[in-house]
Amino acid sequence: MRKDVRILLVGEPKVGKTSLIMSLVSEEFPDEVPLRAEEITIPADVTPERVPTHIVDYSEAEQSDEQLYQEISKANVICIVYSVNNKKSIEKVTSHWIPLINDRTDKDSRVPLILVGNKSDLVEHSSMETILPIMNQYSDIETCVECSAKNLKNISELFYYAQKAVLHPTGPLYCPEEKEMKPSCIKSLTRIFKVSDLDNDGILNDNELNFFQRTCFNTPLAPQALEDVKNVVRKNMTDGVKDNGLTLKGFLFLHTLFIQRGRHETTWTVLRRFGYDDDLELTQEYLFPLMKIPLDCTTELNHNAYLFLQSVFDKHDKDRDCALSPDEVKDLFKIFPYMPWGPDVNNTVCTNEQGWITYQGYLSQWTLTTYLDVQRCLEYMGYLGYSIICEQESQAAAITVTRNKRIDLQKKQTQRSVFRCNILGGRGSGKSAFLQAFLGRNLQKQRKIREDHKSLYAISTTYVYGQEKYLLLHEVMPDFDFLSETDLACDVVCLVYDVNNPRSFEYCAKVYKQYFMDSKTPCMMIAAKSDLHEARQHHTLTPLEFCRKHKLHPPQPFTCNTAEAPGRDIYTKLTTMAMYPHMAQVDLKSSTFWLRASVGATVCAVLGFAMYRALLKQR
């Protein structure tokens, strides 16, 4: 909502513009009226809407045309004052004032107008018969008020309506000619309905309606009041209430009714609570709350955020198969202005046999977005209504900013849950296959992936010493001459070479010596395509000799040319190295270091599967 409101009064001389302002301020008709009143500011605590209001007078005798134009450009609402006993002043409303104002304002953002008929104490008849056709002709006119500065009739109401025209404008919501809500308003209210429909059954039941009411107006509805609302809808439409709950059609009908009855503030209160501005766009403040992320810190979702995302998944997993079909994904993102997930997501996270994103894959993708682009994550959570449903100040409450990595190294322990592994290697070395194998896909399944659907990322969970962690793999495109800070910034490095290609290891050796030899980032050498014949590498040292010389773990044989899903032990090792970089070098020769980690992984994998089955049963 606006921080303040600026009201400008214009009209022919002697119609009583200055008298109206002075009567409002002094609550009595002034004996002497100056040519023009000074600008008046009414403090927020004495206005109905709790917003400071500036009232500006105009005098043809004291001000130039240029000054008038400046005031028109600054005004939020303009009151065109006429005298009810002066036909010429009424004619000037359409022949002079409305055209003048329209010429001086942008067509797409017209200022709301209020017609003010002053001196109603001097006549017994109303000017409304003359004014109504004008109101119908110009959609910028919000309302018309007849008042009297002399006997103080409707003075407070006049300025209240002016304030209301700015804070709760009709224009963005409703088309008077068509007598229906505008498409942008319907779209916004539809999103609000879908966010509030917590079980996604297309109906707002009593609990959901009460939560909605409490969220927007800080008070629940009494049972009888709920029934009265539904009865109003029932009387006016057949499909507005279903199974004793409010349908989308019923919800939209109620808001149309509020607007038609002049209660725009009700609809605006709802729209603003759900993040909308005066143009019915979600505000930048709502979508992108301020977050400070210091250097060397990462961003992760916290427990409450995962619970919320789980509820969103459950809401859209209609067939209860613990995976989202393409239609279910489409339904989930219907409230977004665009589809945020492309086909590459299905090759970034775990999917089922049909290629649908599993529950684990769904959470993994959210984890990846939070880690790589927290602003994007905040935006997405905003569309889903996180701050509203979880009753938080903003989506920022869903994010944990981890402590600086240097502190983790000093304390030799970490509280992080997401670890990044950058995969480097020459072209054709098997980097992409290594990523896809992490998602359980063997070579046969990988060959079915379309080139334009491939991803440079893969993320899934691993278990280290009984703790579930996310490992985020990132394939770095081979360009030895230039590796950016992003290419180098990670928790563990994976250097992949093709055992069957005699020139493949050379790239890994060069990259290691130039970029990682003196860094504290642990590195692992992967001997990919280990099912093929091992060729002698064109390097002064064999891969094993190179690793021994540089105190690296021996090259790890890896292949995804298997009948079943490729083994995951290698990924547990990488996560362990990322979690305990200080131990990676010391314990490399110790088989118990890896054994402890992998035994923990096996136990947790079995437990995880048991919990997964229990979850399915429960559903």
Against the 2.2 N^0.38 Å rule of thumb, the C-alpha Rg of the chain sits at a ratio of 1.33
Computed, not fitted: 222 nm per-residue ellipticity of the chain from DSSP H runs ≥ 4 (each -39500 (n - 2.57)), nearest 500, equal to -12000 deg cm²/dmol
Averaged per residue, the 1.4 Å probe accessible area of the chain, protein heavy atoms only, in Å², is roughly 50
Cα convex hull volume per residue for segment 82-234, in Å³, equals 174
Rounded to two decimals, the Rg over Rh value of segment 298-428 from Cα coordinates and the Kirkwood Rh reads 1.00
One would report the Cα pair-distance distribution of segment 1-107, bin width 10 Å, in %, as 14, 44, 34, 8, 0
On the accessible surface of segment 183-302, probed at 1.4 Å with all protein chains in place, carbon and sulfur together account for a percent value of 54
Output for segment 362-454 (equivalent-ellipsoid semi-axes, sqrt of 5λ from the C-alpha gyration tensor, Å, descending) is 32, 22, 10
Working note, segment 482-539: Cα radius of gyration (Å, one decimal) and Dmax (Å, whole number) are 12.4, 36
At the level of C-alpha centres, the distance separating segment 148-205 and segment 69-96, in angstrom, is 25
The answer for TYR174, listing residues at least 5 apart or on another chain whose modeled amide H is closer than 5 Å to its amide H, is LYS182
For LYS469, the lysines lying under 20 Å Cα to Cα, once residues fewer than eight places off in the same chain are dropped, come out as LYS405, LYS411, LYS412, LYS573
If one compares the long axis through the Cα atoms of helix 303-316 with the longest principal axis of the Cα atoms of the chain, the angle in degrees, nearest 10, works out at 80
P(r) of segment 168-313 over all Cα-Cα pairs, 5 Å bins starting at 0, rounded to whole percent, reads 2, 8, 16, 19, 20, 14, 9, 6, 4, 2, 1, 0, 0
One would report the antiparallel percent of DSSP beta bridges in the chain, rounded to the nearest 5, as 40
Scalar couplings 3J(HN,Hα) for segment 73-79 by Karplus 6.51 cos²θ - 1.76 cosθ + 1.60 (θ = phi - 60°), nearest whole Hz, x for Gly and Pro, are 5, 8, 6, 8, 8, 10, 9
Any lysines whose Cα falls less than 21 Å from that of LYS510, other than same-chain ones fewer than 8 residues away, would be LYS431, LYS520, LYS529, LYS549, LYS551
For segment 416-495, Rg(Cα) over 2.2 N^0.38 Å is 1.15
For LYS242 and ASN207, extending 7 Å from Cα along the Cα-Cβ vector and measuring point to point gives, in nm, a value of 2.0
Rounded to two decimals, the Debye log10 I(q)/I(0) of segment 230-333 (Cα scatterers, no solvent) at q = 0.15, 0.20, 0.21, 0.23 Å⁻¹ is -1.01, -1.15, -1.15, -1.15
At q = 0.14 1/Å the base-10 log of I(q)/I(0) from the Debye formula over the alpha-carbon atoms of segment 108-182 is -0.50
Here P(r) for segment 354-416, Cα-Cα distances in 10 Å bins, as whole percents, is 19, 36, 31, 13, 1
Relative contact order in percent for the chain (Cα pairs under 8 Å, 6+ apart) equals 9
Expressed to one decimal in nm², the mean projection of the alpha carbon convex hull of segment 396-553 is 11.7
Computed ³J(HN,Hα) along segment 156-170: with the Karplus parameters 6.51/-1.76/1.60, θ = phi - 60°, integer Hz and x for glycine or proline, the list is 4, 4, 4, 6, 5, 5, 5, 5, 5, 4, 8, 7, 10, x, 7
One finds the C-alpha centres of segment 258-301 and segment 411-439 to be spaced, in Å, by 37
From the cross-link list LYS153/LYS179; LYS107/LYS182; LYS182/LYS334, the entries with a Cα-Cα span beyond 22 Å are LYS153/LYS179
Restricting to aspartates and glutamates and to Cα separations under 14 Å from LYS513, and discarding same-chain partners fewer than 8 apart, the set is ASP481
Using the Cα gyration tensor of segment 322-393, the equivalent ellipsoid's semi-axes, largest first and to the nearest Å, work out to 22, 14, 11
On the formula 1/(1 + (r/R0)^6), with r taken between the Cβ atoms of LYS448 and LYS412 and R0 of 56 Å, the FRET efficiency rounded to 0.05 is 0.80
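The values are calculated or read from the model by the stated rules, or taken from the named source; none is laboratory data. Everything numeric in this text was worked out from a predicted model, so none of it was measured. Every residue, glycine among them, receives a Cβ derived from its backbone with ideal geometry; neighbour counts consider all protein chains shown. Side chains included, ligands, DNA and RNA excluded: accessible areas come from the protein's heavy atoms. Shrake-Rupley method; radii C 1.70, N 1.55, O 1.52, S 1.80 Å.
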